[in-house]
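Novice: Right, I'll just put the structure down here and ask away after.
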Amino acid sequence: MPRFVCTASVVVLVLLVLASTTPSAAQDPQAKIKTASGFLLGPPNPSVTQAAIVKATVELLDVAASLTRESNYGQEIKYHIDVAKDLLLKTSLFNEKARQYLSFAHRMMSGGRKYERPKGLDEFVTPEELHRRFP
């Protein structure tokens, strides 16, 4: 259960990063989001490995970086996302330093607002409830 909550929190953070950006030229980001989210929010599948989950998370981060609006901080935001991706691939999905880099990128995108866990994640939810609460 803690693994699901942590994974859901990372997914929500990535989706928040995506929501706070305006699209630039990207190659079908919605399809990439649906594919990557399928691993993280789909029904339990014993054939899904940790490597597949990390790859899906990195794919979502690639989409977030590609959708980053052009601004004074655009390159810095992409740099922080790239560092976080590298840390996730080399260490683990729960790397504290990667979370800090993603949090900083989110703050730069959202005008300084600190990331806060959605109140709906304070209690255990099933993937179906998660989709209903956060479409």
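The values are calculated or read from the model by the stated rules, or taken from the named source; none is laboratory data. Bear in mind the structure is a predicted one, so any value in this text is a computation, not a measurement. Cβ coordinates were reconstructed from backbone atoms using ideal geometry, including for glycine residues, and neighbour counts include every protein chain displayed.
Novice: Out of the range 69-102, which residues are part of a helix (DSSP H, G or I) and β-branched (Val, Ile, Thr)?
Specialist: Of everything in the range 69-102, those that are part of a helix (DSSP H, G or I) and β-branched (Val, Ile, Thr) turn out to be ILE77, ILE81, VAL83.
Novice: On to the next question. When only residues in the range 86-102 that are polar (S, T, N, Q) and at pLDDT 90 or above count, which is farthest from the chain's Cα centre (by Cα)?
Specialist: Among those that are polar (S, T, N, Q) and at pLDDT 90 or above, it is THR91.
Novice: Let me ask something else about it. What pairs can you find where one residue is in the range 69-84 and more than 9 Å from ALA105 (Cα to Cα), the other is surrounded by 15 or more Cβ atoms within 10 Å (Cβ to Cβ) and of a type in the set (Gly, Ala, Ser), and their Cβ atoms are less than 6 Å apart, with a gap of 6+ or different chains?
Specialist: Taking only residues 6 or more apart or on different chains, the pairs are ALA84/ALA98.
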